[in-house]
1. Using the Cα centre of segment 108-148 as origin and beta-carbon charges of +1 (Lys, Arg) and -1 (Asp, Glu), tell me which of Phe142, Thr125, Leu113 is placed farthest towards the positive end of the dipole.
2. Can you work out the base-10 log of I(q)/I(0) for the chain at q = 0.20 1/Å, using the Debye formula on its C-alpha atoms alone?
3. I need the chymotrypsin sites (Phe, Trp or Tyr not before Pro) found in segment 10-69, filtered to DSSP loop residues with at most 16 other beta carbons within 10 Å of theirs.
4. Read phi for every residue in segment 38-46 and hand back ³J(HN,Hα) as whole Hz from Karplus 6.51 cos²θ - 1.76 cosθ + 1.60, θ = phi - 60°, with x for Gly and Pro.
5. Tell me the mean residue ellipticity at 222 nm calculated for the chain from its helices only (DSSP H runs of n ≥ 4, each -39500 (n - 2.57), averaged over every residue, nearest 500).
6. Mind checking the full-extension length gain between Asn69 and Glu131? Use 0.36 nm per residue of separation minus the Cα-Cα distance, one decimal, nm.
7. Work out the length of the dipole vector of the chain about its Cα centre, built from +1 on the beta-carbon of each Lys and Arg and -1 on the beta-carbon of each Asp and Glu, and round it to the nearest 20 debye.
8. What does the accessible area per residue of the chain come to in Å², with a 1.4 Å probe and no ligands, DNA or RNA counted?
Amino acid sequence: MLNDFFIVRKIKEGDIKVFEQVFRRYYSPLCLYAAGITGRTDIAEEIIQDLFYVLWRDKESLQIFTSLNGYLYGAVRNRSLQYCEHRGVRDRHKDKTFSESVEILDATPEEQLEYKELEELINKTLGKMPERRLRIFKMQRFEGKKYAEIATILSISIKTVEAEMTKALQSLRKEIENYTQIL
């Protein structure tokens, strides 16, 4: 534990040699651990590389209250489970989209036309949105990311994410209401 404290302190001070030693020592075992959770070695390697990148990038604010070993394995477990959860959301979205496509093929020509018009309206409305709002909307709706995750990725507050999502949904709602009134 004392040795871990010394190692973490050296990393916080920017000692690249100590950081490289930690990287070499833990890279392979952590990759095996992540691959066991994700089922994919390429994803496992990405997770480990990203973990060490963030570890070095945020070294000054690094706070490890357990052993270094426990911290790294815990971080890898969390990131691997997060990947699996995201993959599940993506797969469910893909399945849902596929089933909706099948339903559209079974629809009447009039229903297909209405669907296409509505799809164009939505795409047009999304195209009018400010870049950040559109990115937040896509991350939440299409990638299944949570507000906190989006806030972290974009380095903004959760309240900002909530406000942007509210504005995006209001815009879509307004355009769809106008469209349905015309019908």
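1. Towards the positive end, the residue furthest out is Phe142.
2. Reported log10 I(q)/I(0), two decimals: -1.33.
3. In loop regions of segment 10-69 (DSSP not H, G, I, E or B), the sparsely surrounded chymotrypsin sites (Phe, Trp or Tyr not before Pro) are Phe65.
4. 7, x, 9, 6, 5, 5, 4, 4, 4
5. -29000 deg cm²/dmol
6. Extra length from Asn69 to Glu131 when fully extended: 18.3 nm.
7. In debye, rounded to 20, the chain gives about 960.
8. That works out to 67 Å² per residue.
The values are calculated or read from the model by the stated rules, or taken from the named source; none is laboratory data. The model shown is predicted, which means the values in this text are computed figures rather than measured ones. Cβ: placed from backbone, ideal geometry, glycine included. Neighbour counts: every protein chain shown. The area values use the complete protein model at the heavy-atom level, side chains included, leaving out ligands, DNA and RNA. Shrake-Rupley method; radii C 1.70, N 1.55, O 1.52, S 1.80 Å.
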